[in-house]
Amino acid sequence: MQYLIDSLGTALVLIFSLDSDVLSTVQISVVTSCCSLVIAALLGIPLGTLLGSYRFFGRRVCITLLNTMMALPTVVVGLLIFGLFSRQGPFGTFGLLFTPMLIIIGQAVLATPIVANYTLAAVKGADKRILPTALTLGASPLQARLQLLRQVRFGVMAAVIAAFGRVIAEVGVAMMLGGNIRGYTRTMTTAVALETSKGEFAFAMALGLILMLLALLVNLFLNLLQQK
C-alpha cells in the first residue's frame, strides 16, 4: 500500500512540475488524436448523413459493414495498416511506418465508423419533415442536408466527442504503427505500457492520471450533449 502512495506522490510531482517527458508524451497523444478526429469527422459526418437521409440499393449492407468496423479489434486494424505501409507493402515507398502520420491514419480508421454511426443515428432520429420542407422552400439538396445537420448538431458533436474518447485511449494501433519512439511517436497509452514493464510505476501513473482526467472531461461533455 505504501508503494502505491509513494508512487502517487511522485506522479503528482511529475505532473505539477511540468516534467518535459510527461508534457511531450501528452502533446503527441493530443495532437495525433485531434488530427485523426478531424479526418474522421470529414469522412464520417457526410457518410452518416448520406446513409441516414438517402434510401438506395445496398444501404443495409453499408450499414452492416459500418457496424462491423466499429467492432474490429484495434490490433487487427494495426496489422492491416502495418502490412500496407511496411517496406514490402504497396505503400511502403512513402516511408510512413513508425511516424505520427501513420498513427493518425490508423486512429482515423478506428474513429470514422464511430462518427458515421452516431451521425446516422442522429439523422434517423430527426424530424422527417426537415428535408422536404427545406426543399419545398427552394433549398438545394446540399443546403437541405446542411440544415438537417444543423438541427441534429448536438448528436453530431456527441459523435465527434465519442470518437475522441476512443482514439485518445487507443494503444494497439499506436504501438504497432508508431513504434513507441520517445519524443516522436510515444503516446500516453504506449508509454504507460512501456514504463510499467520497466518498473517506472510513478511515471506510468502520472500519465495514467492525465489520461483518466481527459477521459472524464470527454465523458462529462458527452453526457451534457446527450442531455441537450
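Here region 1-43 is scanned for amide nitrogen atoms under 13 Å from the site 7 Å beyond the Cα of L217 along Cα-to-Cβ, giving 26-27, 30-31, 34. About the centre of its Cα atoms, the chain shows a dipole size close to 1220 debye [charges on the beta carbon of Lys, Arg (+1) and Asp, Glu (-1) only; nearest 20 debye]. Here the simple spin-label model places points 7 Å from the Cα toward Cβ, and for Y54 and Q27 these points are separated by 4.2 nm. For region 57-133 versus region 162-228, the spacing of their alpha-carbon centroids is 20 Å.
Along its first, second and third principal axes, ordered by size, the chain spans 67, 46, 25 Å in Cα coordinates. Extension gain, D19-T196: 0.36 nm per intervening residue step, less the Cα-Cα distance, totals 62.0 nm. Among L102, L209, sorting on how many other beta-carbon atoms sit within 10 Å of each Cβ, with the fewest leading, yields L209, L102. Of the DSSP H helices in the chain, those that are both long (alpha-carbon extent of 24 Å or more along the helix axis) and hydrophobic (Kyte-Doolittle mean at least 0.0) are 20-53, 100-124, 201-227.
Any read-out appearing in this document is the output of simple, stated calculations on the displayed coordinates, not a laboratory observation. In this text the structure is predicted, and so the values were computed from the model without any measurement. For neighbour counting, all protein chains shown are included, and Cβ atoms are generated from backbone atoms with ideal geometry for every residue, glycine included.
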